[in-house]
């Protein structure tokens, strides 16, 4: 009879201590490779270029600069959005960890 009581009491007490793991915070954002692509260099202007060719070179450079500026703006917005989401997640994790520490 005594061994049965010992087994039952050890079984009952073993369920009372449950370790709650600490949740880790998120560390960083990863931007898509397409957003991290370098901007293209300006077109080299060759010696003896005509006015018409210069207009074409200027147009290609403007298009390239516009594309680069759009990519930069998108990347900056994505980083800000990602950091805001990470901070919100980390705040929730800190709140959960604080509640778990009080228990």
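Just for helices (runs of 4 or more DSSP H) wholly inside the chain: which have at least 3 residues that are modelled with pLDDT of 90 or more?
Details: elements: 2-14, 33-36, 51-102.
So the answer is 51-102.
Filter segment 41-74 down to residues that are under 26 Å from residue 31 (Cβ atoms) and loosely packed, with under 11 Cβ neighbours inside 10 Å, then give me how many there are.
5
The values are calculated or read from the model by the stated rules, or taken from the named source; none is laboratory data. Keep in mind that this is a model prediction, so the values were computed, not measured. Cβ atoms come from the backbone with ideal geometry, glycine included; neighbour counts cover every protein chain shown.
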